[in-house]
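The values are calculated or read from the model by the stated rules, or taken from the named source; none is laboratory data. Since we're looking at a predicted model, the values are computed, not measured. Every residue, glycine as well, gets a Cβ built from its backbone with ideal geometry; the counts of neighbours run over all protein chains shown.
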Amino acid sequence: MKKIDVTALGELLIDFTENGVSAQGNPLFEANPGGAPCNVLAILTKLGHKTAFIGKVGDDFFGRQLKETLEEVGIDAAGLRMDEEVHTTLALVHTFADGDRDFSFYRNPGADMMLTEDEVEEELIRDAKIFHFGTLSMTHEAVRKATKKAIQIAEEAGAIISFDPNLRPPLWNSLDDAKEQVLYGLGHCQILKISDNEIQWLTGEEDFTAGVDWIRNRYQIPLILVSMGRDGSRAYYGQQMVEAAPFLQENTIETTGAGDTFGGCVLHYVTEHGLEGLTDENLKEMLTFANAAASIVTTRKGALRVMPAKEEIESLITGRS
């Protein structure tokens, strides 16, 4: 029996999100714990799952804050390494009027890039039902090797592998490099969560179904989720395509972590129902729950520490029906 529901590998960092202006008229930023893989684990933990994280932060003020945050929300931090020489990665998040974001990264280098193959805690992967990763841990050679080693361990252990490209163009030497690693991820996953702009960038197809077909013609991925922001989400499974409407909020602050929350809720559903024999009703239920959870997160600063409880998500769903 696997002891861990989901283990994730990748970046754990500080998101500096805008929070008003000072008396002098200067922008104020709030230091929110973040990083896509840990956001995914945070919603899973909130929903009652056993989770574990593998990654690296600096042995500095922010790194210690992040370690304490993982422990606070209940994510197993045994796989977290502390770098004594390289500082914790920082991201400054500028929020536009519509809630969308622009990222500036302080990561040249950042501690998350410094994880090595030898530092990958193998048992946390072997004991996991699902292994989750993205591409921020594939931008540079050392951490890329660590990520690919983790994927190999997950495959050998029979874990379901979940992949979210989470494309951040400023972090890549070139978008060709990014595409190469995204394609590697597609070749090693059973669950793909991809955003509307990512699928268009990757496949050159404006139509999402055509984009999914492009992927499927090359890779055998049982479950593909397309997140479409204000247009909701879709699940592609076998010959089925199911779409669910979004839960639009009047008090949306920003969208940081919404896609991660959505993806984590999909993994929550898979841990409870598996990947076999999913019906249209199953997929609709999964998407609706994930959309509702993601919408709640858009009303809060940050994501990792403010994930909604199951009752709150269900209440939002009930209120619309």
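Matching residues to (1) aliphatic (A, V, I, L, M); (2) at pLDDT 95 or above; (3) touching an Asp or Glu at 6+ places or on another chain (Cβ under 7 Å):
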{"residue": "ALA8", "(1), (2), (3)": "yes, yes, no"}
{"residue": "CYS38", "(1), (2), (3)": "no, yes, no"}
{"residue": "ILE54", "(1), (2), (3)": "yes, yes, yes"}
{"residue": "VAL86", "(1), (2), (3)": "yes, yes, no"}
{"residue": "VAL93", "(1), (2), (3)": "yes, no, yes"}
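Of GLY204, GLY211, GLY264, which residue is of a type outside the set (Phe, Trp, Tyr), surrounded by 21 or more Cβ atoms within 10 Å (Cβ to Cβ) and over 25 Å from CYS38 (Cβ atoms)?
Result of the check over GLY204, GLY211, GLY264: GLY211.
Suppose we filter the stretch 300-320 for residues that are of a type in the set (Val, Ile, Thr) and surrounded by fewer than 15 Cβ atoms within 10 Å (Cβ to Cβ); how many remain?
Residues flagged as of a type in the set (Val, Ile, Thr) and surrounded by fewer than 15 Cβ atoms within 10 Å (Cβ to Cβ) within the stretch 300-320 amount to 1.
Which one of these is out of contact with any Phe, Trp or Tyr (no Cβ under 7 Å at 6 or more places or on another chain), free of Cβ contacts under 8 Å to residues at least 24 places away in the same chain, among the acidic types (Asp, Glu) and part of a helix (DSSP H, G or I): ASP118, ASP112?
Of the residues listed, the single one that is out of contact with any Phe, Trp or Tyr (no Cβ under 7 Å at 6 or more places or on another chain), free of Cβ contacts under 8 Å to residues at least 24 places away in the same chain, among the acidic types (Asp, Glu) and part of a helix (DSSP H, G or I) is ASP118.
Go through the stretch 279-295 and give me each residue that's surrounded by 21 or more Cβ atoms within 10 Å (Cβ to Cβ) and either over 18 Å from GLY232 (Cβ atoms) or in contact with a Pro (Cβ under 6 Å, 6 or more places away or on another chain) (or both).
ASN291, ALA293, listed by residue number.
Let me confirm something: among SER315, SER295, which residue is of a type in the set (Ser, Thr, Tyr), out of contact with any Asp or Glu (no Cβ under 8 Å at 6 or more places or on another chain), farther than 25 Å from LEU192 by Cβ and in a helix (DSSP H, G or I)?
Every option except SER315 fails the conditions.
Checking the condition surrounded by 14 or more Cβ atoms within 10 Å (Cβ to Cβ), of a type in the set (Ser, Thr, Tyr), within 19 Å of HIS140 (Cβ to Cβ) and touching a helix residue (DSSP H, G or I) at 6+ places or on another chain (Cβ under 6 Å), which residue from THR51, THR88 passes?
Just a single option satisfies the conditions, and that option is THR88.
Look at PRO170 and say whether it is touching a residue at least 12 places away in the same chain (Cβ under 8 Å) and closer than 15 Å to GLY10 by Cα.
no
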